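The values are calculated or read from the model by the stated rules, or taken from the named source; none is laboratory data. Here the structure is a predicted model, which means the values were calculated and not measured. All Cβ positions, even for glycine, are placed from backbone atoms using ideal geometry, and neighbour counts span all protein chains on display. With ligands, DNA and RNA removed, areas are computed over all heavy atoms of the protein, side chains included. Shrake-Rupley method; radii C 1.70, N 1.55, O 1.52, S 1.80 Å.
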Amino acid sequence: MRDSSGWAAREIETLSQFDAAVGSGFDLARAVVQSLDLRGREEVLALCRVDAAMFMGCELGAVAADDLRSRGALLFPRIPDSPLDPYRASLYRAINLYDTMPGGTYAESFDAIAYAWTRTCGEVSTLGKTLVAALHDHAISDALNEYIEGLGPQQVVGIMGGHAMARGSAEYERTAALGMSLAEAGFLVASGGGPGAMEAANLGARLAPHGSDALAEALEMLARVPSFRPSIDDWVRVAFDVKSKFAGGADTLGVPTWFYGHEPPNAFATRIAKYCSNAVREATLLDLCRGGLIFLPGAAGTVQELFQAVTGNYYAVDPGSITPLVLVGVEQWNETLPAWPLLRSLASGRPMEKSIALVETVEEAGAWLAAR
């Protein structure tokens, strides 16, 4: 995290980090301390420099809180009546969203409760709800930036596609194979984090270290429950069965949103940046995929993502900042949803012209990106 001057703040997100920080000089000045229960460390806090430190959503006694404020610290309290932690310090994992699974029900899970809460934000908007949603999404973006920075030179490739692609279909299997091949080529595979094509991409990437035989077995297991309709519970449980059988795997990223909360997040993304705002989610997902974006057949959401990415490329000042875009399905993008002719016209004579492609198969899409 950096302030407006570019000064890098120390972020303290675990109790072990807190103990290390105070042990090296009792200096927490300008530090950012997020979502920690510090009630057992209040005597130590009383000895620390805390001027301009920020304590965001931390548990503190009233006396300690007053003392910190009197010495120049800023305290951001927990906000009641919200399932979301507006100061969350890390990305989600599937078990955080599906905290009642596989033994319980989806309806009782954190993800379902959070979706119900975010829906009330639109129906009855209050300052408190708006503030929680905005702070939560800021915290997720901060955690995502830290994660991406930790990747070093590894590039992120996004696979964009709709939720309707069924497990057991040839399209689902090919998309999973694409995710695996990209992960094997050294890319971090990202998706919109939902079901269908998004799940297939995360599945294939995650299982890359296990190999193609493991992927074939996983696909066979998943095909028993082709869709999250009519039962999200059955759909999620078989995914947890696959994860139990093939533990670990490569990192892969999902970026879903509670705006489309009726589409449950897939369980195969190892890191999940879930947002309240779909606008923030879309912009974030497209911006981080500097290694390229692959657009599979989809509907309105996929078309929106395509032209949002096109707009950034069209107005790019630096050719090095242009994201390669490859569309899969000649008939899909020429006839069904004729985006390719418009895209080609927009790109004509501009630096982005050499960074777009239309191919027929996912294999060609992967090969085109890998060869760049």
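Here region 204-301 is assigned +1 on the Cβ of each Lys and Arg and -1 on the Cβ of each Asp and Glu. Its dipole about the Cα centre then comes out at about 180 debye. Approximating the spin labels as points 7 Å out from Cα along Cα→Cβ, the VAL317-to-ALA299 distance works out to 4.0 nm. Taken about its Cα centre, region 1-132 carries a charge dipole of roughly 320 debye when the Cβ of each Lys and Arg holds +1 and the Cβ of each Asp and Glu holds -1. Could you identify which residue out of ASP142, ASP67, ASP234 has the top mean-square fluctuation in a GNM of the chain using Cα springs shorter than 10 Å? Looking only at ASP142, ASP67, ASP234, the largest GNM fluctuation is found for ASP67. Two numbers describe the Cα atoms of the chain: Rg and Dmax, which are 22.3, 69 Å.
Rolling a 1.4 angstrom probe over the protein heavy atoms with all chains in place gives the chain an accessible area of 44 Å² per residue. Classify region 45-158 as rounded, prolate or oblate, taking a ≥ b ≥ c as the square roots of the eigenvalues of its Cα gyration tensor: rounded when a/c is under 1.5, otherwise prolate if a/b is larger than b/c and oblate if not. Oblate.
For ASP99 and SER348, the FRET efficiency from 1/(1 + (r/R0)^6), where r spans their Cβ atoms and R0 equals 45 Å, is about 0.35. Any idea how far the Cα center of region 53-126 sits from the one of region 302-353, in Å? So the separation of the two Cα centres works out to 39 Å.
Label sites at ARG39 and SER24, each approximated as a point 7 angstrom past Cα along Cα to Cβ, lie 2.9 nm apart. Considering only beta bridges that DSSP places wholly inside the chain, some 5 percent are antiparallel. Diffusion coefficient of region 269-309 by Stokes-Einstein, Kirkwood radius over Cα pairs, 10 °C, 1.306 mPa s: 141 µm²/s. Considering only PHE18, PHE240, PHE187, the mean-square fluctuation computed in a Gaussian network model of the chain, springs between alpha carbons under 10 angstrom, is largest for PHE18.
Among ALA164, ALA279, ALA190, the largest mean-square fluctuation in a Gaussian network model of the chain (Cα springs under 10 Å) belongs to ALA279. Protein heavy-atom surface of the chain, 1.4 angstrom probe: 55% of the accessible area is carbon and sulfur, with nucleic acids and ligands not counted.
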